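S.K.: Before I ask anything, let me first share the structure, which is written out below as structure tokens.
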Amino acid sequence: MGERRGGAPPRDDLAPIGAENRKGGPKIRPDSREKTMAHASEDYRPIYHFTPEKNWLNDPNGLFYQNGVYHMFYQYNPEGSQWGNMSWGHATSTDLVTWTEREVALPYSAEEQIFSGSIVVDHANTAGFGYGPNGEAPIVAIYTANIPPQNGEPQDQEQALAYSLDGGYTW
């Protein structure tokens, strides 16, 4: 091991995914039915922090807890490892350690890119979107839509809204 740059001491709470960390922390096992963040062969992925399987991610934008599941929506480029094609990725967890990466929740299109925003669970259905087929409260996402130049018009940004009636899995 070479000389460490910077003043931070070596971390002893990091370990390869799927291995017990040096402080005796949890060993994470992947669920065979879903893609989870725990893969024993991925030595350099953090054990307690979410990272997508591939591509670029940035700030979390919608975080909520409902029916025993934590949901995290975040800035995501589904097509590359650098900023662009701004969409919202989605991951879920029941323990805030093991994460399951879901399909892209709000994908970009030629008409808009999905920038920062937030999510609320509308328990009282005050927005009037109704309830899901199993009585799920509507989930409402409000975000900045980046509109690229079109038909001679300049780039623009607008506030946009999306909603889900199945707990945040489809919009």
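The values are calculated or read from the model by the stated rules, or taken from the named source; none is laboratory data. Small disclaimer: the values here were computed from a predicted structure and weren't measured. Backbone-built Cβ (ideal geometry, glycine too); neighbour counts: all protein chains shown.
S.K.: Name every residue in segment 45-95 that is surrounded by fewer than 16 Cβ atoms within 10 Å (Cβ to Cβ), within 21 Å of Ile119 (Cα to Cα) and in contact (Cβ under 8 Å) with a residue 40 or more places away in the chain, in order of residue number.
M.R.: Listed by number, the residues that qualify are Asp59, Leu63, Gln66, Asn67, Val69.
S.K.: I'm checking my understanding of the structure. Among residues of segment 91-107 that are part of a loop (DSSP other than H, G, I, E, B) and hydrophobic (A, V, I, L, M, F, W, C), which one is nearest to Ile47 (Cα to Cα)?
M.R.: Per the stated criteria, the residue is Val97.
Matching residues to (1) of a type in the set (Phe, Trp, Tyr); (2) out of contact with any Gly (no Cβ under 7 Å at 6 or more places or on another chain); (3) assigned to a loop (DSSP other than H, G, I, E, B):
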{"position": "Tyr44", "(1), (2), (3)": "yes, yes, yes"}
{"position": "Asn61", "(1), (2), (3)": "no, no, no"}
{"position": "Phe73", "(1), (2), (3)": "yes, no, no"}
{"position": "Tyr76", "(1), (2), (3)": "yes, no, no"}
{"position": "Gly89", "(1), (2), (3)": "no, yes, no"}
{"position": "Ser109", "(1), (2), (3)": "no, yes, yes"}
{"position": "Ile119", "(1), (2), (3)": "no, no, no"}
{"position": "Thr126", "(1), (2), (3)": "no, yes, yes"}
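S.K.: A follow-up question, please. If a residue has to be free of Cβ contacts under 8 Å to residues at least 12 places away in the same chain, on the phi < 0 side of the Ramachandran plot and over 24 Å from the mean Cα position of the chain (by Cα) to count, how many in segment 135-171 make the cut?
M.R.: Of the residues in that region, 5 qualify.
S.K.: On the given criteria, is Asn77 modelled with pLDDT under 95, within 30 Å of Tyr44 (Cβ to Cβ) and of a type in the set (S, T, N, Q)?
M.R.: So Asn77 fails the test.
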